[in-house]
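For reference, the structure discussed in these notes is given below.
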């Protein structure tokens, strides 16, 4: 009987390569990937979410992760790579709306991840439409994510910083995943 699939979280400010790396890891390691619900929301509504919609964004991200875990169990897969996390929704809610109310639930949910890959903002920023706030906002959000992750430094959250070129990021991420899932790097 196979073991329970493990969630691997990729978190970082906008335009740090989360989606690209999440898909590459799923392909490289035979896992599933969970897309970012916020992207779907902005495409459906033609705008970024308002303050009152932040909890919905977080809940939908969680639902998508839960569905992917169930599918991974059915398919006998051991890894599910998540393109962002509820913690990022809490950080954005704090940065954009000065609303800290989502942190307790987001921190509780973050304990589900076997590993957090924290993507660094060392690649060029690109505007892709509605969802992007700019390079300056990216730096502020990066610092807020770092504070949120450090606030839980006494927790059991393993975190690996990922930086460099696309190839370097994939290599670093595979190495970090292998540290929590020996034998998984192909």
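Rule-based calculations on the coordinates, nothing more; no lab input. All of these numbers come straight from a predicted model, not from anything done at the bench. Methodologically, a virtual Cβ is constructed for each residue, glycine included, from the backbone with ideal geometry; neighbour enumeration extends over all protein chains shown.
The Rg/Rh ratio of the stretch 6-47, with Rg taken over Cα atoms and Rh as the Kirkwood radius over Cα pairs, comes to 1.02. Remark: 83, 175 ranked as 175, 83, counting other beta-carbon atoms within 10 Å and listing the fewest first. In this structure, residue 161 and residue 19 have a Cβ-Cβ separation that, at R0 = 25 Å, corresponds to a calculated FRET efficiency of about 0.85. Fewest neighbouring Cβ atoms within 10 Å first, the residues 18, 100 line up as 100, 18.
Over the chain, how many percent of alpha carbon pairs lie in each 10 Å bin up to the one with the longest distance? Percent of pairs per bin, in order: 9, 39, 38, 12, 1.
When the scattering of the stretch 64-111 is computed by the Debye formula from its Cα atoms alone, each counted once and equally, what is log10 I(q)/I(0) at q = 0.18 Å⁻¹? Per q value, in the given order, log10 I(q)/I(0) is -0.62.
Restricting the count to DSSP beta bridges whose residues both fall in the chain, what percent are antiparallel, rounded to a multiple of 5? Of all bridge pairs located within the chain, approximately 0 percent are antiparallel. Shape descriptor for the stretch 30-133: Rg over Rh equals 0.97 (Cα atoms; Rh from the Kirkwood inverse mean 1/r). Neighbour counts of C-beta atoms inside 10 Å place 53, 4 in the sequence 4, 53, starting with the fewest.
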